[in-house]
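See structure below.
Each value in this text was obtained by applying a stated rule to the coordinates, not by laboratory testing. What you see is a predicted model; the values in this text were computed from it and never measured. Virtual Cβ from ideal backbone geometry, glycine too; neighbours counted across all protein chains shown.
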Amino acid sequence: FGRKHLSDTLLQKLESERFVAVVGSSGCGKSSLINAGLLPVVVSRSWQVVVVRPQNDPIANLANELRKLDFHEMDEPPRNIEAEFQGVAQSFRQVWEQMLPLTLSMTSQGLVDTFRQTNSAKPLLLIVDQFEELLQYKSKGTEQRDNAIKFINLLIEAAQQHEFPIHIVIVMRSDFLGYCAQFKGLPELLNRGHFLIPRLTRDQYREAIIGPLDKYSIRIASNVVSRLLNDIEDDPDQLPILQHAMMLTFEEWRNNGEQTNVIEAIHYDASGGMTKSIDEHCNAIFNELKTDHL
């Protein structure tokens, strides 16, 4: 809600460039744009989707996520095959899964080779969330640094080829954009597929507040909406705080006023609002701890 136009633009860019870097400040809604905007569309088109976070072992994490995919082409033995050979054909997927880390790490063509082995005609969308974890490799050990470079080379090679329908989205904070210049081939991809998330307008914030409630026929008083919009002001980093305040406001309404079917100012105030919701929630959790845990 509030970013439908961005979802459409992102999909168009992804289809034309096959590599898109979704960039924005911390808390601006990058992951929400992907998870609530882009993913439902591509899934409805029967794309295969892999979402991976690099963390400390990006290639192993990618292999683990690829194993979860449902490639029917790998599970079905060829027609008219002799019965004694069907088990061999069906076990190919098991071998493929075991060999995934080695296939991905041997050459920069590893991701392309992996897709080729699946015999799949469905497009593959690989989403690398928190891409900035790879860009801090200088502070890591040699093995982690090498794995980061190998992983980025996998993405570059897959994005540059046109034989297979592999699409890639990386999601990262804008303050890490300059770090990408360290990797050969990555700046060129970024220049073609750079997608900087703009700030929401006041009307788009309003849609983000009201839309989810409308979906479940829940009303929110106009004065509460106005207060939320005024409390957000012009700070894009406030989106996670808005989300948290709305969640607590909804819980307060559900526990103490659901019979009215309208979320009122009393529920917003009880949640702590934009300014105090996180503080009060943390205090409530802390107060629930037993003494021997302190």
Rounded to the nearest 20 debye, dipole of the chain from Cβ charges on Lys, Arg, Asp, Glu: 600
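So, with +1 on the Cβ of K and R and -1 on the Cβ of D and E, and no other charges, what is the size of the charge dipole of segment 178-243 about its Cα centre, to the nearest 20 debye?
Working: 8 positive and 9 negative charges, 46 e Å.
Computed charge dipole of segment 178-243: roughly 220 debye.
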FRET efficiency for Lys276 and His5, using Cβ-Cβ distance with R0 set to 41 Å, rounded to 0.05: 0.80
Residues in segment 210-233 that a label on Ala265 would reach, taking backbone N under 16 Å of a point 7 Å out along Cα→Cβ: 220-231
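So which helices of the chain fit the span-like rule, where a helix is a whole DSSP H run, its Cα atoms reach 18 Å or more along the axis, and its mean Kyte-Doolittle is at least -0.5? Each step should come with its number before you reach the end.
Working: long enough: 4-17 (20 Å, -0.86); 92-106 (20 Å, 0.21); 142-160 (27 Å, -0.23); 202-215 (20 Å, -1.11); 239-256 (25 Å, -0.23); 273-288 (23 Å, -0.53).
TM-like helix candidates: 92-106, 142-160, 239-256.
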Stretch gain in nm, segment His162-Glu233, where the contour uses 0.36 nm per residue and the Cα spacing is subtracted: 21.1 nm
Long pairs among Lys122/Lys150; Lys30/Lys290; Lys30/Lys215; Lys13/Lys150; Lys13/Lys184; Lys4/Lys68, criterion Cα-Cα beyond 32 Å: Lys30/Lys290
Per-pair calculated FRET efficiency, R0 = 45 Å: Ser217 and Asn191 via Cβ, rounded to 0.05: 0.45
Label point distance in nm, Glu15-Trp47, each placed 7 Å from Cα along Cα→Cβ: 1.0
Extension gain, Ser26 back to Thr107 (0.36 nm per residue minus Cα-Cα distance, nm): 25.8 nm
Estimated [θ] at 222 nm from DSSP helical runs (n ≥ 4, -39500 (n - 2.57)) normalised by residues in the chain, nearest 500: -16500 deg cm²/dmol
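Where does the longest stretch of the chain lie that holds no GluC sites (Glu not before Pro) found in a DSSP loop with 13 or fewer other Cβ atoms within 10 Å? The partial results should precede the final answer.
Numbers: sites that count: Glu82, Glu163, Glu233.
Value returned for the longest uninterrupted segment is 1-81.
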